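Below is one structure, written out as structure tokens; the observations come after it.
The values are calculated or read from the model by the stated rules, or taken from the named source; none is laboratory data. Just so it is clear, the structure is predicted and the values come from calculations on it, not from any experiment. Heads up, the Cβs are rebuilt from the backbone with ideal geometry, glycines too, and the neighbour counts pull from every protein chain shown. Calculation scope for accessible area: heavy atoms of the full protein, side chains included, ligands and nucleic acids excluded. Shrake-Rupley method; radii C 1.70, N 1.55, O 1.52, S 1.80 Å.
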Amino acid sequence: MIEKTKVACFSGHRKLPEDCTELRANLEKAIITLIEQGVVFFGSGAALGFDQIAAATVLKLKKYYPHIKLVMVLPCPPSEQSMKWSREQCEHYKKLLEQADKIKQVSPKYTSTCMLERNRRLVDCSAYLICYLREKSGGTFYTVNYAEQQGLKILRI
């Protein structure tokens, strides 16, 4: 069993600013901070936007910190999660999944609650949450509040 103190997860909006340079830099700094505090496992829900940027950043940092692991926690089968995405988005998603150290799937098929279940699982297995929260509603807002209730240390980007 993995100690929670070695696990962090991500939550953030799908829609991001046009220029993500500062967001990416701050995300990288937050991940490095946690690595230096002993975090090894980073969980991403694989959604478009922040989740995928976070996953790509972990993969980039593996060059310098080869011991860290990317865990993709999918709400449902990949073909169902990405069903409405563009071809380019699907190709990027597939590459992230291919490079992940581990892939977990919450539900055997898409359901109306599988995204919520995925977010809860990410939080329940983690001691830290790195988040990009700009709206006071939606999945990210719910996930950050849930993480606070569960006592996670929150790093806001």
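Annotations
- Checking GLY138 against (1) touching a residue at least 40 places away in the same chain (Cβ under 8 Å); (2) under 23 Å from ASN26 (Cα atoms); (3) surrounded by 14 or more Cβ atoms within 10 Å (Cβ to Cβ); (4) not basic (Lys, Arg), the condition it does not meet: (3)
- Once segment 54-67 is narrowed to residues that are buried (at least 19 other Cβ atoms within 10 Å of the Cβ) and either more than 15 Å from the chain's Cα centre (by Cα) or of a type in the set (A, V, I, L, M) (or both), the residue that is nearest to LEU23 (Cα to Cα) is ALA54.
- Taking segment 109-141 as the range and being part of a loop (DSSP other than H, G, I, E, B) and not hydrophobic (A, V, I, L, M, F, W, C) as the test, the residues that pass are LYS109, TYR110, THR111, SER112, THR113, SER126, ARG134, GLU135, LYS136, SER137, GLY138.
- Checking VAL73 against (1) under 12 Å from the mean Cα position of the chain (by Cα); (2) at pLDDT below 95, the condition it does not meet: (2)
- Pairs meeting the criteria (first residue in segment 1-28 and free of Cβ contacts under 8 Å to residues at least 24 places away in the same chain and surrounded by fewer than 20 Cβ atoms within 10 Å (Cβ to Cβ), second residue outside any strand (DSSP E or B) and aliphatic (A, V, I, L, M), beta carbons under 7 Å, at least 6 apart or on different chains) are PRO17/LEU23.
- From the list SER126, SER112, SER107, SER137, the lone residue that is on the phi < 0 side of the Ramachandran plot and under 13 Å from the mean Cα position of the chain (by Cα) is SER126.
- Looking across GLU80, GLU91, GLU117, one residue alone is within 25 Å of GLU28 (Cβ to Cβ), among the acidic types (Asp, Glu) and open to solvent by 20 Å² or more (accessible area, probe 1.4 Å). It is GLU91.
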